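Remarks on the structure that follows.
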Amino acid sequence: MIEIILRTEPRGEEINVSIEKGTTIETLVKDYQSELPYTILAAKVNNKVQELNKTIDCPCEIVFLDMRDPSGNQIYQRSVSFLYLKAVYDVLGNVNVDIENSLNKGLFTEIKAKKPLTKSIVARIEARMHELVEADIPFERKRLTRDEAFELLCGEYHEEKIKMLEQAYKVESVPVYSCDGFMNFFYGLMTPSTGYIKHFELRKYRNGVLLRFPTQTAPDQIPEYRDDKKLYFAFGEAKKWGELMGISYVGELNSKIERGEYKEIIQISEALHEKKVAHIADIIRKEKKRIILIAGPSSSGKTSFAKRLCIQLMVNGQRPLYLGTDDYFLEREQTPVLPSGEYNFEDIDALDIELFNDNMNDLLEGKEVDLPIFDFIKGTKRFGQRITKVENNQPIVIEGIHGLNEALTSKIPTEAKFKIYISPFTQLNIDNHNRIPTTDVRMLRRLVRDNKYRGSSAQYTIEQWPKVRAGEDKNIFPYNGEADVLFNSALIYELAVIKKYAQPLLESIGQEEESYCEAVRMLKFLRFFKIIEDDSVIANNSIIREFIGGSILV
């Protein structure tokens, strides 16, 4: 017998347990699952994420993980994606399937079959997925050498995986999973079997299929459906940009880096951004919009974008006034308080909405306005230092997390407002089945920036990220449909640049740190990217400069 320390919840109480050597984590889970709110999907063993079929051979600390944990959430997404691919194979045979991007609270996928995709075919695929779940078929994991992987993937539908392996010289072996004879390469961990994947739905959507599943906040229910049409078209635009540069997946980017062609890729990417910013400025001028509201999640590049937009508006003969909503915080004694006793600066209730609306309307009417400056040390607004007046055709560019929330600007005339949502919507995926969430790209951006400019450690940034994400889920993402235009701040080359700065920070995190598992997970996908060592060619007004340094805008 061996002694282990068990926690059934990440922050739950420790339980001392005696078990037989060689017991699997899955066997251990079965003793506790009925008492737990959600299905356990994996576990941390001495702070390292492990699959449930891992055996316990020595004393250790084990923490159960369900879908509320970021690692558990990724494992569920990966497993339901594999289940979907297996079901497509069973229904349609060996056809190519692309798992492309997050959309409508799920993943947008394309099935490239000879016959047109219909609702009835999608229904058959979903029915097959449920049959596979009911059968509880194991996901069997095998680690193959590079040569073995090449031999396995030599079929016509694994072209992108082969390209990726050809360029990822340092990847000596890859994990391959099989389910009832169906085999595929996935770079992350999976559930032990199909029976763990309880909740999902398929929807025929435009030219593809939506694979939808629960969120971290509600692991046992499918989220309410919302059609993000604008986001769908933004993804389509990004796809065309990638095709223009001959890059759809990481293997193609690595090939261009290897051949020294990355400078052209950087220049084209930046030119496409500039063209889009200029186009938005043209719309604002043409429609005579006066209040320009910019919002987006953390590390989207809002500040760089806002200042580049101001420059393009000036090119159009306008003189924009640039403001932030942070100067409109309520006085400290009026600031709402969280249950923990901390001040809540994230919610819209922390802003002096009445003063903001009065100030903006007065500016629109050509009046002289005493704009506040918020003193964050004293927790009060100062007046008399920023007396401002604008002309009747002068736009006011406002950056703030609540910009798209109508509650912020409810008293401002609708015809005066123009709302812009900015985020890195897309990310260059490893191949057509292995996604890199854009959330990870934003966290890497923030990790590098906070270390460089704020002295924050990588572990601190990672540990704070769940709080950041919770605030975004409440205050930003629900309102992106209110935007008049979306700006995709992703750059197709950026992970090849950020890797140089982020990798040493992630590698410095020790196994004893709470953030270790997330650091390991990100290092796993970063290993597939070649580094662009010379980033001097990146323009000094690039959004990426806001994070790696050298920006003339921030």
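Computed from the coordinates by the stated procedures, all read-outs in this text should not be read as laboratory data. Being a predicted model, the structure only gives us computed values, none of them experimental. Every residue, glycine among them, receives a Cβ derived from its backbone with ideal geometry; neighbour counts consider all protein chains shown.
Key figures for this structure:
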| item | result |
| --- | --- |
| HN-Hα J in Hz across segment 365-375 - Karplus 6.51, -1.76, 1.60, θ = phi - 60°, x for Gly and Pro | 8, x, 7, 7, 10, 8, 6, x, 10, 7, 8 |
| Calculated [θ] (222 nm, deg cm²/dmol) that DSSP helices of n ≥ 4 give over the chain, each run adding -39,500 (n - 2.57) | -11500 deg cm²/dmol |
| Burial order of peptide ranges 96-103, 180-187 (average beta-carbon count within 10 Å, highest first) | 96-103, 180-187 |
| Size of electric dipole in segment 2-66: Cβ of Lys, Arg +1 and of Asp, Glu -1, about Cα centre, debye, nearest 20 | 200 |
| Where Rh is the Kirkwood radius over Cα pairs, Rg/Rh for segment 261-301 | 1.12 |
| Partners for LYS307 among aspartates and glutamates (Cα-Cα distance below 14 Å; same-chain residues under 8 apart left out) | GLU274, GLU399, GLU546 |
| Interchain or long-range residues, amide H under 5 Å from ILE398's placed H | ILE292, LEU293, ILE294, LEU323 |
| Those residues of segment 519-554 whose amide nitrogen sits under 17 Å from the label point placed on GLN267, 7 Å along Cα→Cβ | 534-542 |
| Label-point separation in nm, ILE5 to THR24, each point 7 Å along Cα→Cβ | 2.7 |
| Amide hydrogen neighbours beyond the local backbone of ILE436, cut-off 5 Å, H modeled | ILE430 |
| Percent antiparallel among DSSP beta bridges (both partners in the chain, rounded to 5) | 70 |
| Student exercise, segment 321-394 dipole from Lys, Arg, Asp, Glu Cβ charges, in Debye to nearest 20 | 300 |
| ³J(HN,Hα) computed for each position of segment 45-62 - Karplus, 6.51 cos²θ - 1.76 cosθ + 1.60, integer Hz, glycine/proline x | 10, 6, 6, 10, 5, 10, 6, 5, 7, 5, 8, 9, 10, 7, x, 6, 10, 10 |
| Hz values of 3J(HN,Hα) by residue in segment 265-276 - Karplus curve (6.51, -1.76, 1.60), Gly and Pro given as x | 4, 4, 5, 5, 4, 5, 5, 5, 4, 4, 4, 5 |
| Whichever lysines have a C-alpha closer than 19 Å to that of LYS524, once near sequence neighbours (fewer than 8 apart) are set aside | LYS44, LYS48, LYS142, LYS161, LYS163, LYS170, LYS499, LYS500 |
| Amide hydrogen neighbours beyond the local backbone of LEU351, cut-off 5 Å, H modeled | LEU330 |
| Alpha-carbon centroids, segment 105-136 and segment 455-509: separation in whole Å | 32 |
| Partner aspartates and glutamates for LYS114 [C-alpha distance under 16 Å; skip if fewer than 8 residues away on the same chain] | ASP90, ASP98, GLU156 |
| Within the chain: Cβ-based charge dipole about Cα centre, in debye rounded to nearest 20 (Lys, Arg +1; Asp, Glu -1) | 1680 |
